[in-house]
Amino acid sequence: GALGMGSSGDTNITYLEPNEPIVTNNFTVGIFCLAPGATIPLHDHPGMTVVSRLITGRMQVRSFDWASPDDSPASSYAPRRALEVKPAGTEVREGDIMMLHADEGGNLHEFTALEYTCILDVLAPPYSPSGGRECTYYSMADDGGGGGG
C-alpha cells in the first residue's frame, strides 16, 4: 500500500486494497486490519483529508497537532513539539466515523487495536511524494516538561 506500513515493523497489520484498486488523482480507498494489540505508529497526513470508519472492533486513538508552525516537518530534523488533542485512552468503536482535516487539528495520530479491528480509510487527495504528501512516522520523546511531546 501507498502508506508504507512495512516500515512500522508490525506484522500484525494488514493493508487491503479492493480487487480493482480505488486510487485516483482525487482520493484513494483502503482497509487496515489490526490484530489485538497492534499499533499503527504515530504518523501524519500532510495536506490531506481522511475519513475513517471502524468496520469492526475497538481501538484507542491518540491525536496531536504541531505546537507551532515552526514545529512542522518541513522546518528541520530537529526535535519538534506537538500538543495532544485526544489523550491516550480515547476509544473508538465499531461504526464510529473519524474525520481528519489538516487545517482542523489532529493531523498526527496513532491507533492501537483493543481487539481484532478493521478500518476503512478514504484519503483525499492521496499520498504523493512528488506532491508533498508523503507519510512520515514519528516517535514520542520525553521532553522532561510533563506535557505532550
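Derivation of every value follows stated rules applied to the coordinates shown; laboratory data play no part. Just so it is clear, the structure is predicted and the values come from calculations on it, not from any experiment. Reconstructed Cβ throughout: ideal geometry from the backbone, glycine too, with neighbour counts over all protein chains shown.
Sorting 31-44, 119-132 by their mean Cβ neighbour count within 10 Å, with the most densely packed peptide first, gives 31-44, 119-132. Packing-based ranking of 111-117, 133-139 yields 111-117, 133-139, ordered from highest to lowest mean Cβ neighbour count within 10 Å. The H on the amide N of M48, modeled in the peptide plane, is under 5 Å from the matching H of A102, each at least 5 residues off or on a different chain.
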